[in-house]
Amino acid sequence: MAERTEMRRRALIETAAGTRQEAFGLQEWVLLAAAATIWGSSFLLIEIGLDHLGPGVIAWARVAVGAVALAVLPKARRPVDRTDLPRIALLGVVWMGAPLLLFPIGQQWIDSSLAGMINGAVPIFAAITAAILLRKAPGRRQLAGVAIGFAGVLAVLWPTARDAEVTALGAALILLAVMCYGVALNIAVPLQQRNGALPVLLRAQLVALVVLAPAAVYSLPDSKFAWSSALAIGALGFFGTGWAFVAMATLVGRVGATRGSVATYLIPVVAIALGVVFLDEVIEPISLVGTALVLAGAYLTSRREL
């Protein structure tokens, strides 16, 4: 009974330390690489989707596909602690509902390279949120890793972002989405530890579908069907809103929000690599330096917390 009472007293916004304080092992690196690799193509897929679909339709459709991808799994339909339902609903808003709408809206007025650069601030906001909620600053190695990794992201994307079009509104919307991500990663930690990633994320996605429905209806008149956009959003939903979220939720549950969020730093590196392989793009020297900094930052953050 006392435990039940304590659970009801939990704050709506809470976080917890990861269950694994040691340096990343193989499983943590696999989860980090999976999330970064999948999300590395998300900005390009959004750009393709925007050719024919409105932002609201893109946001709703990718969540719908992601929810279907998880709903077919019996583990995702397992019950969760009823006292966690309000937190799961909040997670659906700040991790999916708001950011997945803000990104395609913001990318109407800002290039994808700049959006990726701003997205690199996710670990910074995750660390700030964790420090506030836990009343404890991250370890020195982790702080150094976050700082070095962010510098690397700026260097990786600088060649494409320096001449990019930007408006204050577009940048502000992407920044707001990034702040939501920082909060969401912290909320996801204790939820994953208590209930598992699959049941939490499926319910969060169902909440996001309701939140995003008005935006989808609003964007519908400006949208038209095209196979290119449909396939792009299908891939974005199945992988980016389905399995990448599972990988990230599992990762932060194991290592905490600050350490897990460094997966974000590898996203532009993956995007650059895809451009070289499939689009014959040329990497400028500063991007190579940035890649080295990103890897160094990820390594430092992955070490045992001091």
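The values are calculated or read from the model by the stated rules, or taken from the named source; none is laboratory data. In this text, all values refer to a predicted model and were calculated from it rather than measured experimentally. Quick reminder, even Gly has a Cβ in these numbers, built from the backbone with ideal geometry, and neighbours come from all protein chains shown.
Couple of notes before you dig in:
- Residue match in the range 12-30 (condition: surrounded by 14 or more Cβ atoms within 10 Å (Cβ to Cβ), of a type in the set (Phe, Trp, Tyr) and farther than 21 Å from residue 304 by Cα): no
- When residues in the range 178-197 are screened for being farther than 20 Å from residue 265 by Cα, crowded, with 24+ Cβ neighbours inside 10 Å and not aliphatic (A, V, I, L, M), 1 of them pass.
- Here residue 288 passes the criteria (1) in contact with a His (Cβ under 6 Å, 6 or more places away or on another chain); (2) free of Cβ contacts under 8 Å to residues at least 40 places away in the same chain except the one numbered (1).
- Index of the failed condition, residue 115 passing every other in (1) over 20 Å from residue 241 (Cα atoms); (2) buried (at least 24 other Cβ atoms within 10 Å of the Cβ); (3) not aromatic (Phe, Trp, Tyr): (1)
- The lone exception for residue 139 - which of (1) more than 22 Å from residue 12 (Cα to Cα); (2) within 19 Å of the chain's Cα centre (by Cα); (3) surrounded by 17 or more Cβ atoms within 10 Å (Cβ to Cβ) it fails: (2)
- For the range 33-63, a residue qualifies if it is part of a loop (DSSP other than H, G, I, E, B) and modelled with pLDDT under 85, and the qualifying residues are 40, 41.
- Residue 30 vs. criteria of a type outside the set (D, E, K, R) and not in a helix (DSSP H, G or I): no
- Pick from the range 75-97, criterion over 14 Å from residue 12 (Cβ atoms) and surrounded by fewer than 23 Cβ atoms within 10 Å (Cβ to Cβ), ranking: nearest to the chain's Cα centre (by Cα): 76
- Unique match (being of a type in the set (A, V, I, L, M) and surrounded by 22 or more Cβ atoms within 10 Å (Cβ to Cβ)) among 131, 126, 151: 126
- Options 207, 294, 269; residue that is at pLDDT 90 or above, within 23 Å of the chain's Cα centre (by Cα) and part of a helix (DSSP H, G or I): 207
- Any hit, the range 252-268, residues being more than 30 Å from residue 145 (Cβ to Cβ) and of a type in the set (A, V, I, L, M, F, W, C): no
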